Structures are given as structure tokens and as C-alpha cells.
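We did not get these values from a lab; they are worked out from the coordinates using the rules stated. As the structure is a computational prediction, the values presented were derived from the model and not from experiment. Here the Cβ positions follow ideal geometry from the backbone for every residue, glycine too, while neighbour counts run over all protein chains shown.
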Amino acid sequence: MNETIYDAVVVGGGPCGATTAADLALAGHSVLLMERGGRIKPCGGAVPPRMLEDFDIPQSLLVARARCARMIAPSGRSVDMPVGEIGYVGMVDRDEFDEWLRERARMSGAERLSAVFEKVERDDNPHPLVTFRRKRGGPIERVRARCIIGADGARSSVAKQCLPGAERVKCVFAYHEIIKSPANDGEAFDANRCDVFYQGKLSPDFYAWVFPHGETASIGVGSANKGFSLRGAVSQMRTELDLTRCETVRREGAPIPLKPLKRWDNGKDVIVAGDAAGIVAPASGEGIYYAMTGGRYVADAASEFLKTGEAKALKRARSRFMKEHGRVFWILGMMQYFWYSSDKRRERFVTMCDDKDVQQLTWQAYMNKKLVRKKPMAHVKIFLKDCAHLLGMRAATR
Ligand SMILES: Cc1cc2nc3c(=O)[nH]c(=O)nc-3n(C[C@H](O)[C@H](O)[C@H](O)COP(=O)(O)OP(=O)(O)OC[C@H]3O[C@@H](n4cnc5c(N)ncnc54)[C@H](O)[C@@H]3O)c2cc1C
């Protein structure tokens with residue numbers, strides 16, 4: 001029997017899978033990009049300028065640019081963190097953004113397939129089969145691949161089937177409502193500002209947000225606490241912010257994984273990336289930039305594997321990613337653990353955000369996705385202030 005064999009089947013056409021598919025196709029490999037479609041990924045859509053630079057994303061895909069973040073404490077007190085001259089927080093609408101990335105992958109040489117992935121199967125051929133259905137209840141079909149890339153998001157089926165322990169990834173559940181934007185009064189709602197609520201009543205362990213998206217806005221909340229009503233929290237926010245009168249466009253939610261998997265590959269021919277590998281920044285829940293970066297590293301590693309046949313090449317994707325971003329993830333994890341655990345700490349956290357050094361380093365780290373080493377004394381100062389805030393001795397270090 002003459003069967004097609006792809007170098008790579010990429011499952012999932014979100015930011016991760018579409019990036020991996022484009023890179024692999026540009027490297028000369030035959031690629032099938034499988035995406036189930038039919039649903040817009042629930043997402044706040046906030047992205048750093050570095051994402052646009054690294055991945056050649058046109059500015060025209062941004063529906064808004066926020067120039068300030070307003071941090072709101074449990075007491076209702078707020079602190080504005082202006083971005084300044086160094087950049088902005090970009091906003092993308094995921095229906096348009098993801099489709100643009102998938103089309104770019106197609107134009108780079110990947111084949112697109114609208115289908116739902118089912119299983120990885122093995123027979124006596126050395127290369128695995130990917131089974132899928134083009135529509136619900138339709139017949140099972142199969143395609144063979146030298147390498148399978150799981151970019152199918154949080155609670156990835158590819159990861160659960162192929163990587164031990166992947167079914168136990170800890171997640172925050174996030175829910176948001178897309179509304180028609182209210183008038184831009186610059187106070188209760190500002191089309192150029194992201195509002196971030198650190199209030200236990202809205203989220204006992206994460207945060208709630210209002211992000212501007214031009215014509216629309218995302219009002220959302222995240223929590224890992226299963227008994228907490230996310231819908232109730234968003235409804236409360238809309239009431240308190242006088243946003244109930246705005247038309248609701250969509251209501252949707254999804255899990256956000258908060259810990260990178262220990263292994264991304266099966267030591268043979270399957271590798272995962274993006275949310276499927278758990279690479280979302282703790283404390284912020286930022287995942288788009290990391291999904292695309294992880295996707296790129298997976299494409300490089302898979303390309304090397306396809307050229308050399310050495311399965312150990314696959315391991316390099318994770319080690320490269322963790323070398324570059326592991327420290328930031330660790331710091332953000334500690335921040336979430338300390339600062340999001342009680343209203344008392346949240347209040348101090350917001351006070352700390354009033355500090356100019358904290359604001360500068362936070363924005364530089366966000367924009368550049370690196371810890372800035374140019375100002376070591378600023379880090380020491382922040383560390384001391386951080387400790388003082390945590391211990392409730394803020395006045396002593398002023
Ligand atoms: C409410 C919410 C708000 C968020 N806000 C932000 C934010 O403001 N900024 C930010 O950077 N990150 C945010 N995130 C995180 C961000 O959305 C993810 O980290 C990012 O989308 C991960 O990209 P990905 O390509 O790995 O996965 P996904 O974007 O989830 O893409 C996976 C793709 O796989 C497809 N798929 C899944 N299963 C199958 C299957 N069986 N067969 C075929 N296809 C399949 C899906 O349809 C999907 O297109 C938010 C997440 C949530 C839930």
C-alpha cells in the first residue's frame with residue numbers, strides 16, 4: 001500500500017502549533033497542521049512587543065495598545081503603572097490572530113487539515129499513526145508521521161496519551177466575558193489601560209481583569225479554587241464597575257496550566273509544547289509569547305531529530321526553554337505563592353507596585369522577556385523592599 005508519510009503532524013493550530021508548523025515547513029519538512037476549529041480560544045489576548053518582533057507579527061493585528069496598568073487592592077485603593085516610553089501592552093483578538101498564524105503556516109508550506117485528533121497508534125511500522133475524525137461521528141482516518149507534535153493546548157490529549165504524569169498538571173481555571181466596550185471615560189474604563197484586581201472577593205488565589213480590545217473588552221477572572229464561582233465574580237465586577245449595561249458578546253472559560261511538564265518528549269518521536277507542555281507564566285497567566293517561543297524551540301529540535309534520527313535531539317527544546325525562561329517562571333511562581341495568598345498581602349503587593357523601581361523593572365521584564373541585569377542595585381533595593389513588605393515593615397526601608 002502506498003501511504004503518505006509526513007515528517008511532522010502538528011496537532012493544534014493555536015499560537016504554538018501554527019508557529020511550529022510554519023518553522024518546520026520553512027526548514028523544508030513536510031508538515032500536516034491539524035486543527036479542530038469551531039471555537040475561539042478564550043483569552044485576554046495581552047501580548048508584549050517582543051512577541052511581534054520575534055515572530056514578525058504585523059502591528060495591524062493589534063486591536064488595542066495599553067499604555068498603563070491599574071492595580072486595584074482589596075481596599076479599593078488603586079496604583080497606576082504607566083509603561084512609559086519603552087513600549088506598550090498589545091491586544092490581539094484570538095479569532096483573527098490564530099487564523100492569521102495558521103494561514104502563514106500554510107503559505108510557508110504546511111498542509112492544513114480541519115479535524116479532531118483522536119489517538120496515537122503504533123503497528124509494526126517504525127513510525128506512528130495519528131488517528132482523527134473530520135467531523136463528530138465521522139469515520140476514523142489515519143495518517144503516518146515521523147514525528148508528532150502535541151500543541152493541542154491545556155489538558156492536551158497528545159500529552160496525556162504519550163507522556164507519563166501529564167494528566168496531573170495543576171491548572172488555574174479562567175473565565176471571561178467579552179462585552180461591547182463602554183464609553184472611554186478614562187476613569188472607570190480606559191481604552192488604553194489594563195485594570196488588574198487583586199481582591200480576594202474576586203479571586204481567592206489569582207486575579208481578575210478588565211482588558212481593552214478596541215470595540216470590545218475582556219472582563220475575566222482566574223482561580224484554582226474549584227468551589228469558587230468565577231461567573232459570580234465576573235458578574236459582581238460588572239455590577240460594581242457599572243458594566244452590566246454593556247452588551248455581552250461571548251461568555252467562555254478554559255484552564256491555564258501553571259507548571260511546565262518535567263518531560264516534553266517521549267524519548268522517541270512525540271513532543272509537546274505551549275499549554276500542552278504547561279508553559280504559562282505563573283502569577284500573570286501569560287502564555288501566548290511562551291507558546292510561540294516553545295513552539296519555535298520544538299520546531300528546531302524536531303527538525304534536528306528528522307535530519308539525524310537522534311531522538312535525544314527532542315530533549316533540547318525543553319532544556320533551551322527552561323534555560324531562557326525557567327528563572328523568571330520560578331520568581332513568578334514565588335510571587336504568586338506569597339502575594340496572592342491573603343488580602344493583607346495583596347494590599348501590600350499593590351502598595352509595592354507604587355514604587356518607581358518596581359514599575360520600571362516589571363515593565364522591562366515584560367517587554368523584553370528577560371531579567372534586566374544592567375541595574376543590579378535596583379534589584380537589591382527591590383528585594384529588600386519586597387522582604388520588608390512581606391514582613392509588614394515597609395516604613396523601615398523607605
Ligand atoms: C481566559 C484566559 C485568558 C488568558 N489571557 C491571556 C493573555 O491575556 N495573554 C496571554 O499571553 N495569555 C493568556 N492566556 C493563556 C493563553 O491563552 C495560552 O497560554 C495560549 O493560547 C497557549 O497557546 P497554545 O497554542 O499552546 O494553545 P491553544 O491556544 O489552547 O491552542 C490549542 C489548539 O489546539 C486545538 N485542539 C485542541 N484539541 C484538539 C484536538 N483533539 N484535535 C485538533 N485540534 C485540537 C484547539 O482548537 C486550539 O486551537 C489566557 C488563557 C485563558 C483561558
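Data overview
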read-out	value
Cα gyration tensor, the range 1-62 - rounded (a/c under 1.5), prolate or oblate	oblate
Percent of Cα-Cα distances greater than 23 Å, calculated over the range 44-202	60 percent
Kirkwood-type radius of the chain, with distances r between different C-alpha atoms, in Å	22.0 Å
Over the chain: helical MRE at 222 nm, DSSP H runs n ≥ 4 each giving -39500 (n - 2.57), nearest 500	-11000 deg cm²/dmol
Tail beyond 14 Å, pair distance distribution of the range 67-116 (Cα, percent)	71 percent
Euclidean distance of C-alpha centroids, the range 19-67 and the range 118-145, integer Å	26 Å
Protection proxy ranking, peptides 204-210, 146-152, average beta carbon neighbours within 10 Å, highest first	146-152, 204-210
Between helix 15-26 and the chain: long-axis angle, C-alpha atoms, 0 to 90°, nearest 10	40 degrees
Over the range 328-373: Kirkwood hydrodynamic radius from C-alpha pairwise inverse distances, Å	11.4 Å
Helix 356-368 axis, angle to the chain major axis (alpha carbon atoms, nearest 10°)	10 degrees
Electrostatic dipole magnitude of the chain [Cβ: Lys, Arg +1; Asp, Glu -1; Cα centre; debye, to 20]	1240 debye
Protection proxy ranking, peptides 30-42, 282-294, average beta carbon neighbours within 10 Å, highest first	282-294, 30-42
Relative contact order (%) - criterion: Cα under 8 Å, at least six apart; region: the chain	19 percent
Ratio of Rg to Rh over the range 169-215 (Cα coordinates, Kirkwood Rh, two decimals)	1.03
Kirkwood-based shape ratio for the range 137-234, expressed as Rg/Rh from alpha carbons	1.15
Cα long-axis angle, helix 376-390 against the chain (0 to 90 degrees, to the nearest 10)	70 degrees
